[in-house]
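> Can you keep this structure in mind? I'll have questions shortly.
Here, each number is a calculation from the coordinates, and none is a lab measurement. Everything numeric in this text was worked out from a predicted model, so none of it was measured. Cβ coordinates were reconstructed from backbone atoms using ideal geometry, including for glycine residues, and neighbour counts include every protein chain displayed.
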Amino acid sequence: MSYVRISQFTQRDEPGAGSEWFTRDGTGEFVRIDRDASGGSLPFEPESRALVSWAGCRTRAYGERRNGAITYLLKYPVPLDYLYEFDAWFHYEHMPILLEEKTWYGCDFYRSTGISMYTFAAIHHLEPAALKSAARDRSISTPWWNRLKQYAWFDKGFVRAILRRI
């Protein structure tokens, strides 16, 4: 098992072991991603100095974990009735299409381990051009994506953040 904690701050402090620090484009905020792949788990308590803290367990890894110029973070507020459909869409359609773009290196997909309105989080590794690629355009124009898009929680309810490593 692999765990992650994603915390947002107004200022950066000293990095801990296993921590990665990012700036969040357009906000002046800092994001710290803590990972534990040792089979243990990260503490469930939120970081007390953080504006927002989210914890999850990795359910899938796609492509390769190769650092790109940006990290694209998404958190998804998926209602209980749609968990399986959303997971199937992401796994069988969305990620395979995105990975057709050679500069979309990979993605780590997590399920929340605590109480949160965000059921899932995805940490994508890519180059900026991947966000404007034909593969990305195709991934958000399929019949399955359009069917899910009719729900208020889908697409408009996502938290999206472009992160740059510091």
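> So, in the stretch 48-88, exactly how many residues are surrounded by 15 or more Cβ atoms within 10 Å (Cβ to Cβ) and charged (D, E, K, R)?
Here the count works out to 3.
> For a quick check of your reading of the model, give me the residue pairs whose first member lies in the stretch 109-134 and is under 21 Å from VAL4 (Cβ atoms), whose second is among the basic types (Lys, Arg) and part of a loop (DSSP other than H, G, I, E, B), with beta-carbon atoms closer than 9 Å and at least 6 apart or on different chains.
HIS125/ARG65; HIS125/ARG66
> Would you list the helices (runs of 4 or more DSSP H) that sit entirely within the stretch 50-166 and hold 3 or more residues that are of a type in the set (Gly, Ala, Ser)?
Passing ranges, in order: 134-139.
> Next question, about the same structure. Please enumerate the residues belonging to the stretch 82-122 that are in contact with a Ser or Thr (Cβ under 6 Å, 6 or more places away or on another chain) and polar (S, T, N, Q).
Listed by number, the residues that qualify are SER112, THR119.
> For residues that are among the β-branched types (Val, Ile, Thr) and under 14 Å from the mean Cα position of the chain (by Cα), scanning just the stretch 119-166, find the one that is surrounded by the most Cβ atoms within 10 Å (Cβ to Cβ).
Checked the stretch 119-166; the qualifying residue surrounded by the most Cβ atoms within 10 Å (Cβ to Cβ) is ILE123.
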